[in-house]
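*Asks:* Please read through the structure below; I'll follow up with questions.
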Amino acid sequence: SLSEMALRGGSSLLRSLARLTNSHAAVSSRLSSGNTRQQVDFGFLTHNKSVILGDIRLFSTSPRAYNVATELSEALKHEIDAEKDLEAQQPAASPNMFPGFTVTTKDAEVRLTKKHGNENILVVFNVNHSVEIGEEFEDPNNAPSPVALPPFSIEITKGDERLCFHLELVEAEQAGEYDFQVEEFYIAPAVKGTDEDVPSHVYATSGKYIDATIQELLYVRYLEERGFDGEFLKNLVAFASSHEHKLYINLLNKMKAFIAN
């Protein structure tokens, strides 16, 4: 489906599950910091290590806490408070970020629709695994707020056909600016009913290998005429970042409720 294709090539992100095992004091110290998410160091999972002596497997005898629900719930509470504090400092996602588009969300999926002359335009992106936190920031307290760069699709339907682009968001040289790379494009039959799948026999070509003149006319001017310019990309990143952060907090709340039951 179009929604699944919009996920293609998305960046993977290991959520910061490790930090939930930290002491309450360590968690509380981050409440006033910027980014609380960081990559996981799996080295702390010593209780899963084992050694083999002869034919006998010896598992680690490190002490285990079999009932950590209370401690984990408290750690989650601190993490939720920290993320809400960060959320309050960021602009909230709003449909007004996309003038002329109708915006609908279903959990991680976001859809933008509008008409352009005799064309129906659809944009789809999914914020799952869209946040990449750089490893170069050794101190997570000094790391910038997470930014979501989800891959997205554009469909331009006219008559019984649709011109489809699959794109990757990239950071531009100027801070706070964004650009896109066309991963592939193709023309497919228009959607009929609720079936958005593109038939497997439809030919698609890489967006990386195309005549420079066509690239300028198709990727830049053609899409800009339909509203896909630098301002649209900045708004997409801002919306996706806010929406992803909201869903992350919601997930933490669900985890806390699940563990407490």
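*Asks:* Only loop residues by DSSP count here, and only those with at most 12 other Cβ atoms within 10 Å; note down the chymotrypsin sites (Phe, Trp or Tyr not before Pro) in the range 149-222 that meet that.
*Replies:* Sites meeting the loop and neighbour criteria: Tyr203, Tyr209.
*Asks:* May I ask you to compute the full-extension gain from Glu225 to Gln181, defined as 0.36 nm times their residue separation minus their alpha-carbon distance, rounded to one decimal in nm?
*Replies:* Fully extending the segment from Glu225 to Gln181 adds 14.1 nm.
*Asks:* Whole-Hz ³J(HN,Hα) for each residue in the range 97-106, computed from phi via Karplus 6.51 cos²θ - 1.76 cosθ + 1.60 with θ = phi - 60°, x for glycine and proline: what do you get?
*Replies:* Karplus-based 3J(HN,Hα) across the range 97-106 equals 5, 10, x, x, 9, 8, 10, 10, 10, 9 Hz.
*Asks:* I would also like to ask the following. Amide H neighbours of Ala148 under 5 Å, at least 5 residues apart or on other chains, H built in the peptide plane: list them.
*Replies:* Under 5 Å from the amide H of Ala148: Ser241.
*Asks:* What does the extension gain come out to for Val170 and Ile259, with contour length at 0.36 nm per residue minus their alpha carbon separation?
*Replies:* My answer for the length gained is 28.3 nm.
*Asks:* List the pairs from Lys77/Lys246; Lys114/Lys208; Lys84/Lys106; Lys115/Lys192; Lys106/Lys256; Lys77/Lys234 whose alpha-carbon separation is above 25 Å, in the order I gave them.
*Replies:* Beyond 25 Å: Lys114/Lys208; Lys77/Lys234.
*Asks:* Shifting gears a bit: Return the equivalent ellipsoid semi-axes of the range 83-228 as a descending list in whole Å, where each equals the square root of 5 times an eigenvalue of the C-alpha gyration tensor.
*Replies:* In descending order the semi-axes read 30, 19, 15 Å.
*Asks:* Then there's this: For a quick check: sort Leu233, Leu217 by the number of other beta carbons within 10 angstrom, fewest at the front.
*Replies:* Leu217, Leu233
Each reported figure results from applying straightforward, stated rules to the coordinates on display, with no laboratory input. Bear in mind that the values here come from a model prediction, so they are computed numbers and not experimental data. With ideal geometry, Cβ positions are generated from the backbone for all residues, glycine too; neighbour counts draw on all protein chains shown.
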